[in-house]
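Some notes on the structure that comes next.
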Amino acid sequence: MDIQNIVVIGTGAMGSGIAYVSAVAGYNVTVLDKEQKFLDAGMDKIRRALMQGIERGKMSPADGEKVFHRIKPTLDMKSAVEGANLVIEAVFENMDVKKDVFSKLSEIASEDTILASNTSTLSITEIATVVKNPERVIGLHFFNPPAAMKLVEVVLGKETSDEVKETAIKFVEKLGKQPIVTKDSPGFIVNRVLLPALNEAAKLLDEGVASPEDIDKALVLGANFPVGPLTLADMVGLDVALASQRTMQRSFGDCYKPADILVKLVEEGNLGIKTGKGFFEYK
Ligand SMILES: NC(=O)c1ccc[n+]([C@@H]2O[C@H](COP(=O)([O-])OP(=O)(O)OC[C@H]3O[C@@H](n4cnc5c(N)ncnc54)[C@H](O)[C@@H]3O)[C@@H](O)[C@H]2O)c1
């Protein structure tokens, strides 16, 4: 199948980045959110990413302008998915919210539109249960920030067809990213391994073993992490990290139990960089 028109649902940290990389690769992109203020914030993020791309010499101002015009914001899902070849969902990391989006898509999107989720940990097979023809549902797990991160995990649900898998792989390659194919298992590959590291770093704080600065410094200098685990959690968003950790705990037991400080920070509304405070403060 030839992909030309893409819809990205949810214009937060990930959706705006996925829309940006897709438009840069030449796709027509419609972005959708549930309220105008979130849509405006998403378009601002895309504009900032474009400005950075221009400043870093990745594209000319004229090309930046063309890319921006390939992205259309809307609040109306029905008109957004008309003529779409691929929809990528990037809403909250919550099964009920995702199922609600996919059941609406099942009703209104054309039967051959591929429906992808950017979920970090949730089951693609379960999401697909609310879709009439589940063979078109797949996971496309981008990493944060999508403009810089090279990997996309292509996650196969139980019913995902070979044709959908092959089309998804070609799409990822056209974005200039590296696809890897994984079965549908909680947290797939990267988060199965990475989430325990972030959580253990937070547990060190719970136990008063070291300061946040020293915990991050230890992993950067001692294990060659590009950024410390607590900083990375702040980048991901502590609400997203906690929701992901809880999915892993439900699947694998209390070895994935979220650190107390992670739960506390989320309850206080301190979600990391996006709110200005998480494990660290941001101006
Ligand atoms: N943050 C990360 O580092 C990261 C990395 C990879 C994958 N993910 C996954 O990507 C998804 C989005 O994460 P994020 O960090 O961008 O979250 P976010 O909170 O920054 O953004 C979510 C966006 O979805 C919108 N939204 C919620 N419900 C909606 C609905 N019903 N219809 C339309 N829009 C809706 C919200 O208004 C918000 O703008 C999650 O599944 C998350 O697990 C996140």
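Only Cα pairs within less than 10 Å get springs; with that Gaussian network setup on the chain, which residue of SER185, SER103, SER60 has the largest fluctuation? So, out of SER185, SER103, SER60, the one fluctuating most is SER60. Around the Cα centre of region 192-274, unit charges on the Cβ atoms of Lys, Arg, Asp and Glu (plus for the first two, minus for the last two) sum to a dipole of about 360 debye. Total lysine pairs in region 79-165 at Cα distances under 17 Å, for residues eight or more apart or on different chains: 5.
Here the contact order of region 1-144, divided by its residue count and restricted to Cα pairs under 8 Å and six or more residues apart, works out to 25 percent. Put a plus charge on the Cβ of each Lys and Arg, a minus charge on the Cβ of each Asp and Glu, and nothing anywhere else: the dipole of region 1-148 about its Cα centre is then about 400 debye.
Ranking GLY276, ILE18, VAL190 by how far each Cα lies toward the positive end of the dipole of the chain (charges on Cβ) leaves ILE18 at the top. Close amide H pairs (under 5 Å, H built 1.01 Å from N) link GLY272 with LEU238, LYS277, GLY278, residues at least 5 positions away or on another chain. Viscosity 0.890 mPa s, temperature 25 °C: what is the translational diffusion coefficient of the chain from Stokes-Einstein with a Kirkwood Rh over Cα pairs, rounded to a whole number of µm²/s? Answer from the Stokes-Einstein relation: 127 µm²/s.
Within the listed set ASP33, ASP234, ASP254, the residue fluctuating most in the Gaussian network model of the chain (springs between alpha-carbon atoms under 10 angstrom) is ASP254.
The alpha carbons of region 192-274 stretch over 33, 26, 23 Å along the principal axes, in descending order. Note the angle between two axes, namely the Cα long axis of helix 162-174 and the longest principal axis of the Cα atoms of the chain, as a number of degrees from 0 to 90, rounded to the nearest 10. Between the helix axis and the principal axis of the chain, the angle is about 70 degrees.
Less than 10 Å Cβ to Cβ from PHE280, Lys/Arg counted +1 and Asp/Glu -1: what total charge do the surrounding residues give?
-3
Tell me, what is the percent relative contact order of the chain, built from C-alpha pairs under 8 Å that lie six or more residues apart? Worked out over the chain, it gives 14 percent. Computed from backbone phi, the HN-Hα couplings of region 138-153 come to 8, x, 10, 9, 7, 10, 9, x, x, 5, 9, 8, 8, 8, 10, 7 Hz, rounded to whole numbers (Karplus: 6.51 cos²θ - 1.76 cosθ + 1.60, θ = phi - 60°; Gly and Pro given as x). Estimated from the Cβ-Cβ distance and a Förster radius of 41 angstrom, the FRET efficiency linking SER211 and LYS150 is about 0.80. The distance from the alpha carbon centre of region 204-278 to that of region 12-58 is 26 Å, rounded to a whole number. Quickly work out the ASP96-to-ILE180 label distance, labels modelled 7 Å from Cα along the C-beta direction, and quote it in nm with one decimal. So the two model labels end up 3.4 nm from each other.
Shown in residue order for region 76-83 are the 3J(HN,Hα) couplings computed by the Karplus curve 6.51 cos²θ - 1.76 cosθ + 1.60 at θ = phi - 60°: 9, 5, 5, 5, 4, 7, 4, x Hz (x for Gly and Pro).
Counting Lys and Arg as +1 and Asp and Glu as -1, what is the net charge of the other residues whose Cβ lies under 13 Å from the Cβ of GLY269?
Numbers: positive: LYS264, LYS274, LYS277; negative: ASP239, GLU267, GLU268.
Around GLY269, the charge tally is 0.
Computed extension length for LYS104-ARG246: 48.5 nm, one decimal, from 0.36 nm per residue of separation with the Cα-Cα distance subtracted. Working from label points 7 Å from Cα in the Cα-to-Cβ sense, the GLU200 to LYS158 distance is 3.3 nm.
Output the peptides 160-170, 84-94 sorted from most to least packed, where packing is the average of other Cβ atoms within 10 Å over each peptide's residues.
84-94, 160-170
Considering only the other residues whose Cβ falls under 13 Å of the Cβ of LEU219, what net charge follows from Lys and Arg at +1 and Asp and Glu at -1?
-3
Throughout, read-outs are computed from the coordinates displayed, never taken from laboratory work. Treat the numbers as computed from the prediction; the structure is a model and nothing was measured. Cβ sites come from the backbone with ideal geometry, for glycine too, and all protein chains shown count toward neighbours.
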